[in-house]
Amino acid sequence: MREVRVVAEDGEKLGIMPIREALMLAQERNLDLVEVAPTAQPPVCRIMDYGKFRYEQSKREREARKRQKVITLKEVRMTPKIDDHDLAVKARSVEKFLKDGDKVKISIRFRGREIVHKDLARQRMEELAARLESLGTVERPPRVEGRQMIMILAPRND
């Protein structure tokens with residue numbers, strides 16, 4: 001006959017007893033016998049209302065999910081020949097994304113022979129990062145991947 005350590009619903013230790021006796025004790029109180037520590041010697045069981053326990057646990061998980069912030073990755077595309085005014089417009093949209101708490105992927109696509117002017121594209125990206133320094137940090141510096149240059153900005157968490 002296997003024995004278990006039994007704990008009452010209020011946390012009071014009832015001692016070590018055979019499983020059958022523990023089950024009868026739980027039934028007398030109209031509660032369930034739940035194994036909480038199966039690896040202990042002897043295993044620990046608790047007398048509790050299992051349905052109520054599961055409900056409260058799912059309620060806590062829902063609350064935790066509500067408080068969780070999901071970070072999304074927004075993308076802003078440009079070309080290496082972007083004008084100053086257009087860059088300012090893009091900077092405003094990036095600023096909005098960063099204020100909302102989203103990460104921003106800034107990509108410059110090279111068409112045709114523009115790939116020769118990677119230095120201009122890097123300069124534009126660094127200019128944009130400098131404008132937004134108060135709101136975001138450069139998580140990944142400008143890097144060429146195929147026919148585009150990519151930089152990722154993350155919101156500051158000050």
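The values are calculated or read from the model by the stated rules, or taken from the named source; none is laboratory data. Just so we're clear, the structure is a prediction, and the values are computed from it rather than from any experiment. Cβ sites come from the backbone with ideal geometry, for glycine too, and all protein chains shown count toward neighbours.
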The one condition in (1) in contact with a Pro (Cβ under 8 Å, 6 or more places away or on another chain); (2) modelled with pLDDT under 90; (3) surrounded by 12 or more Cβ atoms within 10 Å (Cβ to Cβ) that Glu9 fails to fulfil: (1)
Any hit, the range 54-66, residues being in contact with a strand residue (DSSP E or B) (Cβ under 6 Å, 6 or more places away or on another chain), at pLDDT below 90 and exposed (fewer than 14 other Cβ atoms within 10 Å of the Cβ): no
Search result, residues across the range 67-83 that are over 18 Å from Asn157 (Cα atoms) and either surrounded by 11 or more Cβ atoms within 10 Å (Cβ to Cβ) or in contact with a helix residue (DSSP H, G or I) (Cβ under 9 Å, 6 or more places away or on another chain) (or both): Glu75, Val76, Arg77, Met78, Thr79, Pro80, Lys81, Ile82
Residue ID - farthest from Phe97 (Cα to Cα), chosen from residues in the range 138-158 that are surrounded by 14 or more Cβ atoms within 10 Å (Cβ to Cβ) and out of contact with any Leu (no Cβ under 7 Å at 6 or more places or on another chain): Val144
Options Ala91, Ala121, Ala130; residue that is part of a helix (DSSP H, G or I) and touching a helix residue (DSSP H, G or I) at 6+ places or on another chain (Cβ under 6 Å): Ala91
Sole exception among (1) more than 33 Å from the chain's Cα centre (by Cα); (2) more than 30 Å from Glu126 (Cβ to Cβ); (3) free of Cβ contacts under 8 Å to residues at least 24 places away in the same chain for Asp83, by number: (2)
All positions within the range 133-150 that are under 27 Å from the mean Cα position of the chain (by Cα), free of Cβ contacts under 8 Å to residues at least 40 places away in the same chain and not in a strand (DSSP E or B): Glu133, Ser134
